[in-house]
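J.: Encoded as structure tokens, here's the structure I'll be asking about.
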Amino acid sequence: MDATIILIVLGAGSVLAVLLWQIRQVLDQVPEVVASWRRARQAVQRTTDEDC
């Protein structure tokens, strides 16, 4: 019984570590996504301004 509890705790800890690592990877990409979005928006605005 004790071994089962230990394995459950270790398994849950491993899952939590992987989950936190994935969240960190996503959050690290947020500034790049925002910058890319702004560049794309500016490019569209420049194209729209040239058409007028």
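The values are calculated or read from the model by the stated rules, or taken from the named source; none is laboratory data. Nothing here was measured: the structure is a model prediction, and the numbers come from that model. Cβ atoms come from the backbone with ideal geometry, glycine included; neighbour counts cover every protein chain shown.
Residues are listed down the side, and each one gets a yes or a no for (1) surrounded by 10 or more Cβ atoms within 10 Å (Cβ to Cβ); (2) within 29 Å of the chain's Cα centre (by Cα); (3) modelled with pLDDT of 95 or more:
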{"site": "T4", "(1), (2), (3)": "no, no, yes"}
{"site": "A12", "(1), (2), (3)": "yes, yes, yes"}
{"site": "A17", "(1), (2), (3)": "yes, yes, yes"}
{"site": "I23", "(1), (2), (3)": "yes, yes, yes"}
{"site": "S36", "(1), (2), (3)": "yes, yes, yes"}
{"site": "T48", "(1), (2), (3)": "no, no, no"}
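J.: Going by what's in this entry, would L27 be described as surrounded by 10 or more Cβ atoms within 10 Å (Cβ to Cβ) and of a type outside the set (D, E, K, R)? Before the answer, list the steps.
T.: Values: surrounded by 10 or more Cβ atoms within 10 Å (Cβ to Cβ): no; of a type outside the set (D, E, K, R): yes.
No, not satisfied.
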